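Structure first, commentary second.
The values are calculated or read from the model by the stated rules, or taken from the named source; none is laboratory data. Keep in mind the model is a prediction, meaning the values are calculated, not measured. Cβ: placed from backbone, ideal geometry, glycine included. Neighbour counts: every protein chain shown.
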Amino acid sequence: MPLNLAEKYRPETISGFAGLDRPRALMSALAAEPYPSAWLLVGPSGLGKTTMVQALAKQISGYLHHIPSRHCNLETVDQTVRMCWYKPMTGDWNLVLVDEADKMTPPAQLAFLSVLDSTAAPPDTIFFFTANSVKTLEMRFRSRCRLVNFTTDGIEQPGVKLLARIWRKETKAPAPDFAAILKAAEYNIRTALMMIETEMIAPSTPEELAMQHEAATAAAVSESTDGLSPARKAWITRRRLAAERGAA
């Protein structure tokens, strides 16, 4: 039985990602010709924003300064930027990755305003900020970053091929409906990989997959409609599921 498929099959190169054509093209171009810049990677959790930056760092042999989610405060920003004024420990580039930048403290966000200004930025440094949403990020901050949207558009076909390939490598059991699993996972590859782990233990019925998809849809709607009443969220969920059935 495999252990943590999402970790085992984490892409190590930019070309190894399923879907994400636009982000892959942008990051591949940056890897080929890196230059001092700041990038804001926006999209739902689990699409590979952090992993893609890590893959880029490997491709250009850059030194990655990783600030985990909820650890980005003023002290951390000052300390990290100070290190970037020195030659990196490996390679020619310092890469700063701030996870869930939309949750950084207000002083940290203000500190980055001057750091990302071309007159105050450390040399040979590329900044990456991941975020699920830009609602809490000031326009002044966003205007200093190149926006890269991570979406599930076009991910179904390559996602199904990826799940099928991993399944064949890990087990000889009859293959499940990978398209249904991907749909139930809201086209989130990380979630889908965790789901096929459980499928290897005990296969789900089509009805169970449909229920999982409905629950995932309700959770996604709830997250994206904060402030609305429960009744309104339920109505949006029903409309979304009905639209999917009509398009099938």
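Count of region 111-129 residues, restricted to those that are touching a helix residue (DSSP H, G or I) at 6+ places or on another chain (Cβ under 9 Å) and loosely packed, with under 15 Cβ neighbours inside 10 Å, is 3. Is it fair to say residue 116 is among the hydrophobic types (A, V, I, L, M, F, W, C) and either farther than 20 Å from residue 35 by Cβ or in contact (Cβ under 8 Å) with a residue 60 or more places away in the chain (or both)? Taking the combined requirement at face value, the residue satisfies it.
When region 6-24 is examined, which residues are found to be over 15 Å from residue 153 (Cα atoms) and part of a helix (DSSP H, G or I)? Give the derivation first.
In the first step, residues of region 6-24 are kept if they are over 15 Å from residue 153 (Cα atoms); the result is 6-16.
If the condition is that a residue be over 15 Å from residue 153 (Cα atoms) and part of a helix (DSSP H, G or I), then 6, 7, 8, 14, 15, 16 are the ones that fit.
Residues that are touching a residue at least 40 places away in the same chain (Cβ under 8 Å) and closer than 19 Å to residue 187 by Cα within region 15-29 comprise 18, 19, 20, 21, 22, 23, listed in sequence order.
Conditions (1) of a type outside the set (A, V, I, L, M, F, W, C); (2) without any contact (Cβ under 8 Å) to a residue 60 or more places away in the chain; (3) exposed (fewer than 15 other Cβ atoms within 10 Å of the Cβ), marked per residue:
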residue	(1), (2), (3)
31	no, yes, no
44	yes, no, no
59	yes, yes, no
70	yes, yes, yes
96	no, yes, no
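Report, by residue number, each residue of region 178-199 that is over 16 Å from residue 10 (Cβ atoms) and either surrounded by fewer than 16 Cβ atoms within 10 Å (Cβ to Cβ) or touching a Gly at 6+ places or on another chain (Cβ under 9 Å) (or both). Hits for region 178-199 are 178, 179, 182, 185, 186, 187, 198.
Results for (1) within 18 Å of residue 137 (Cβ to Cβ); (2) among the hydroxyl-bearing types (Ser, Thr, Tyr); (3) assigned to a helix (DSSP H, G or I), shown as yes or no for each residue.
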| site | (1), (2), (3) |
| --- | --- |
| 26 | no, no, yes |
| 50 | yes, yes, yes |
| 53 | yes, no, yes |
| 75 | no, no, yes |
| 83 | no, no, yes |
| 86 | no, yes, no |
| 96 | yes, no, no |
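Filtering region 117-126 to residues that are assigned to a loop (DSSP other than H, G, I, E, B) and at pLDDT 90 or above leaves 122, 123, 124.
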